[in-house]
Amino acid sequence: MSNQRKRLTGEREDEDDEDAEGIGEWERAYVDDRSWEELQEDESGLLRPIDNSAIYHAQYRRRLRMLSAAAAGTRIQKGLIRYLYIVIDFSRAAAEMDFRPSRIAVMAKHVEAFIREFFDQNPLSQIGLVSIKNGVAHTLTDLGGSPETHIKALMGKLEALGDSSLQNALELVNEHLSQVPSYGHREVLILYSALCTCDPGDIMETIQKCKKSKLRCSVIGLSAEMFICKHLCQETGGLYSVAVDEVHLKDLLLEHAPPPPAIAEFAIANLIKMGFPQRAAEGSMAICSCHKEVKIGAGYMCPRCKARVCDLPTECTICGLTLVSSPHLARSYHHLFPIAPFDEVPAFSSLNDSRRTLGKSCFGCQQSLIGTGNKPGPCVTCRKCKHYFCLDCDIYIHESLHNCPGCESIHRPKSVSLMEE
Amino acid sequence: MPSVASKQYSDDVSLLVLLLDTNPLFWSNTSITFSQFLSHVLAFLNAVLGLNQLNQVVVIATGYSSCDYIYDSSLTSNHGNFESRGTGMPPLFASLLKKLEDFVTKDEELSREEGHEDRTPSCLLSGSLSMALCYIQRVFRSGHLHPQPRILCLQGSPDGPEQYVAVMNSIFSAQRLMVPIDSCYIGVQNSAFLQQASYITGGVHHTPKQLDGLFQYLTTIFATDLHSRGFVQLPKPIGVDFRASCFCHKKTIDMGYICSVCLSIFCEHHKKCSTCGSVFGQSKLDEASSVSDKKRKAPHT
C-alpha cells in the first residue's frame, strides 16, 4: 500500500521520519501491531480476544496426530545421516517487500536459525548452500558440518538479481550429491520466491534424474503455489509448502530440521568407521590442523593419526576419520526411541477415582489442574504410567524433553534392554 | 534457544532445584548417616534462602522406585501449624521432613512389591531430572521477571546404564534452556552421567573428599548464584571422558564402527547390526559380486 503511494506521488514523504517507505509516524504503530487480527467473533456476533494457548495446543495436537497416524504404531526408520543442500532463490523476486523488511532479510534470518537447529538435531549430518542468481546456480559453501562457515557465507552475499532457474539448481545439487557415501540420505531444500523458472533444457528430465539418484527434494514457496514445484516434490517424495507470513515461514523451515522418515532403499545400511577422541591434556601445546596455529590446552587428538582438532564433530583433515563424541550420537537417540503421544482427557469428565487422587496437579510441574469453579481443567494423561500432565508440559515433553517424567520415575529391572522401549 | 534470549532475568535471584538421593541401597552402607547428611543439606538450604529474599528452593527426592516433590519454598502452605520436631531443625523445614518421611516409606513399599531379583543399585536420576525441567519450564512461562534456575544433584548411587538415553535427553534439554546442572557426588565410584551433565550444561561437578564437612563444600561451591559465578573460582572440569562404549562388549573404545541406521557402536566389523537388524553393504548392484567381495570387505572410505 505504501509502495503504491510512493510510485503515484513520485516523491518521498520526509516530514519527520527517516523511514524509506514514506509512511507517517501515526501509521508506523499499525505496521507491526495489527491488533484487529487478535479479535474473534463468538456465536452471537460479539467480539472477544483469541484464546492463544488453547489454539496453540490444538495446533500442536493436530500435528502430533498427523505424525502418529503416519507412524501407526510401528517404529519408522529415520534417516539420521543426512546430506542436505539448501537452495536459496536470489532472483529479483526475492527483493519483494511483502515479508518485512524484505524477503531476502527474512530468508537469511530464518535460514540461520534453521542451520543451528539442524546441527543441533542432526550432529552427524552436513549442509551445503547453493544460491540462484541471474539464472545461474552458484555453490556458496560445500558440504560441511560447521554452522559458522555456512552462516558467514550466507550473510556475505545478500542481493537479489535476475531470473531464477530451478533446473540449473537441481543439476548442480545432483552433481554435488552424487559424491556422498551411499549410507547418507540426500536431500535438497529449496526456498523459492519467483513465480516462474527460466531453464536451459527440459526440467522434467532433470526431475527424473533426481528421482533416479534418490534425491529427496522439498520446496518452500514464498509467493504462490506452482505446479512444477509440486510435481518435483511429489516425484521425489519431498514436502511442498507455501509460507503466508514470516512466522509461518519459520515454522515451515523448522519442520525440516528433524529427520524425515527414511525410505529403506534410498540409503544402504553401512558400518561407518568413527573415532572418539580424548580431550588433550591441559597446558599441552600443539599446532591444530584446522587453523594451522599453535594452540595451548583444550582440543582433541585424533586416535588414528594423533593430529589435533579444535572442535567436534569434524573430519580429521590429515587422515579423514570422522571424529565424534558420544553425546553427539546421543543427540539422535530420541529420534530412534520416540515417546508415545499422551491421550487427551475430556475437560469436563466426571471426577473418577484415579483422577481424584492423581489428577489434582500436573505430575511434571505441580501446576494445579483444577480449572475455574472447582471443575477439572483440560489435561492429558500418559498411557503407560497413567499420570496426569498439564497442556504446557505435554508440549514441552514431546517437543524438547523426549522423556515422560512418569515413565522415568518407575523402576525398571536391569533385564529390560534399551531397545525394548 | 532463541526464545530464551528475550527473557529478562532479575540479576542474582536464583531458583535452586535440589535432587536429593534417597536410595536405601546406597544409604545402608556409607560413612555418613542419612540424618547427618540431612542436617548438612537443610543448613545449606537455609543459607541459600538467606542469600536473597527472592530466592526459591524446590526439593525433589530421587528414590529407588519413584520420585516426588518434597518441598517448594514458594508455597504458602509451608508456614502452617507444624510443631518443631525438637531436634533443632528450624520449623520452616518441618513440612519438608514430614513429606520426606512419607516419601521414603512409600518408596520402600513400592520397592518391596517388585521383588528381590535384579536389584540394580542405581536411583531414578532421569525421572527427577525430567520433573525438575518441567518445573523450570513452568517458571519460564510465568513471565519476564523470574529467578535464574539451576539444578543441583546430590547423589551417591552409581549410574544405571539403562537410563542413559533418558538422562542424555534431559541434559540436552537443559542445555537448550540454558539451565546448568551442578552435581555433588558423595558415592564411591565416579559418576560419568553427572560429569557429562555438568560439563555439557556448564555446571560445576565436585566429589567431596570428607563427608563430615559437606556443609562447607555445599556453601562454598554450590550456593553461588549464576550471575556471581563469573567472579568466583569454582572447581574446573578435569578430563571428562567422552569416549563411547561398544554395544557388544561394553568396553570404552577409541575408534569404532557405527551403524548408519540406528547409530549403534561396535568395536569390530560385523555383517549385520544386532540392534536394528540391517544387513550392511547390501545393494542391488553389489548382490551379484557380493560372494567374491566378502573376503575383501573393508570398511568404506
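The values are calculated or read from the model by the stated rules, or taken from the named source; none is laboratory data. Computed from a predicted model, the values in this text were never measured in an experiment. Methodologically, a virtual Cβ is constructed for each residue, glycine included, from the backbone with ideal geometry; neighbour enumeration extends over all protein chains shown. When the accessible area is computed, the model is the full protein with side chains, heavy atoms only, and any ligands, DNA or RNA have been set aside. Shrake-Rupley method; radii C 1.70, N 1.55, O 1.52, S 1.80 Å.
Here are some notes:
- Among the residues of the range A:134-174, the ones that are assigned to a strand (DSSP E or B) and farther than 30 Å from A:Cys290 by Cβ come to 1 in all.
Quick grid of which residues meet (1) of a type in the set (Gly, Ala, Ser); (2) touching a Pro at 6+ places or on another chain (Cβ under 7 Å):
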| site | (1), (2) |
| --- | --- |
| B:Asn190 | no, no |
| B:Tyr199 | no, yes |
| B:Gly202 | yes, yes |
| B:Leu211 | no, no |
| B:Arg229 | no, no |
| B:Leu234 | no, no |
| B:Gly239 | yes, no |
| B:Cys262 | no, no |
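- Scanning the range B:151-178 for residues that are farther than 21 Å from A:Pro338 by Cα and within 12 Å of the chain's Cα centre (by Cα) returns B:Ile151, B:Leu152, B:Cys153, B:Leu154, B:Gln155, B:Gly156, B:Ser157, B:Pro158, B:Asp159.
- Looking only at residues of the range A:89-104 that are aliphatic (A, V, I, L, M) and surrounded by fewer than 24 Cβ atoms within 10 Å (Cβ to Cβ), we find that the one that is nearest to the chain's Cα centre (by Cα) is A:Ile104.
- Whichever residue in the range B:118-174 is in a loop (DSSP other than H, G, I, E, B) and under 18 Å from A:Asn403 (Cβ atoms) and, among such residues, is farthest from the other protein chains (Cβ to nearest Cβ): B:Asp159
- Each residue in the range A:175-202 was checked for being open to solvent by less than 20 Å² (accessible area, probe 1.4 Å) and modelled with pLDDT of 90 or more, and 9 of them qualify.
- Any hit, the range B:1-11, residues being under 22 Å from the mean Cα position of the chain (by Cα), at pLDDT below 90, within 14 Å of another protein chain (Cβ to nearest Cβ) and open to solvent by 60 Å² or more (accessible area, probe 1.4 Å): yes
- Check on A:Ser165, within 18 Å of A:Ile104 (Cα to Cα) and not β-branched (Val, Ile, Thr): yes
- Screening B:Cys267 on (1) over 30 Å from B:Asp12 (Cα atoms); (2) at pLDDT 80 or above; (3) away from chain A (no Cβ under 14 Å) shows it passes everything except condition (3).
- Flag for A:Val242 being away from every other protein chain (no Cβ under 14 Å), β-branched (Val, Ile, Thr) and at negative phi: yes
- B:Thr30 meets all of the listed conditions (1) surrounded by 19 or more Cβ atoms within 10 Å (Cβ to Cβ); (2) within 17 Å of B:Tyr185 (Cα to Cα); (3) at pLDDT below 90 but one, namely (1).
- Reported count of residues in the range B:92-123, each being at pLDDT 85 or above and either closer than 16 Å to B:Ile181 by Cβ or open to solvent by 50 Å² or more (accessible area, probe 1.4 Å) (or both), is 11.
- Members of the range A:368-391 found to be surrounded by fewer than 20 Cβ atoms within 10 Å (Cβ to Cβ) and modelled with pLDDT of 85 or more, listed by number: A:Arg383, A:Lys384, A:Cys385, A:Lys386
- Summed over the range B:196-233, residues that are loosely packed, with under 15 Cβ neighbours inside 10 Å and touching a helix residue (DSSP H, G or I) at 6+ places or on another chain (Cβ under 6 Å) total 0.
- Given (1) modelled with pLDDT of 90 or more; (2) open to solvent by 10 Å² or more (accessible area, probe 1.4 Å), index of the condition A:Ile115 fails: (2)
- Among the residues of this structure, B:Cys276 counts as one that is open to solvent by 50 Å² or more (accessible area, probe 1.4 Å), within 28 Å of A:His398 (Cβ to Cβ), in a loop (DSSP other than H, G, I, E, B) and within 14 Å of another protein chain (Cβ to nearest Cβ).
- Every residue from the range A:274-306 that is closer than 23 Å to A:Ser125 by Cβ, under 31 Å from the mean Cα position of the chain (by Cα) and of a type outside the set (A, V, I, L, M, F, W, C): A:Gly275, A:Pro277, A:Tyr300
- For the range A:293-315, residues that are assigned to a loop (DSSP other than H, G, I, E, B), touching a Leu at 6+ places or on another chain (Cβ under 7 Å), open to solvent by less than 30 Å² (accessible area, probe 1.4 Å) and modelled with pLDDT of 85 or more total 1.
- Just one of the listed residues (A:Ile127, A:Ile115) is more than 14 Å from every other protein chain (Cβ to nearest Cβ) and of a type outside the set (Phe, Trp, Tyr), and it is A:Ile127.
- The residue pairs whose first member lies in the range A:190-217 and is more than 11 Å from A:Leu170 (Cβ to Cβ), whose second member is open to solvent by less than 40 Å² (accessible area, probe 1.4 Å) and among the basic types (Lys, Arg), and whose beta carbons are closer than 8 Å, counting only pairs six or more residues apart or on different chains, are A:Ser193/A:Arg103.
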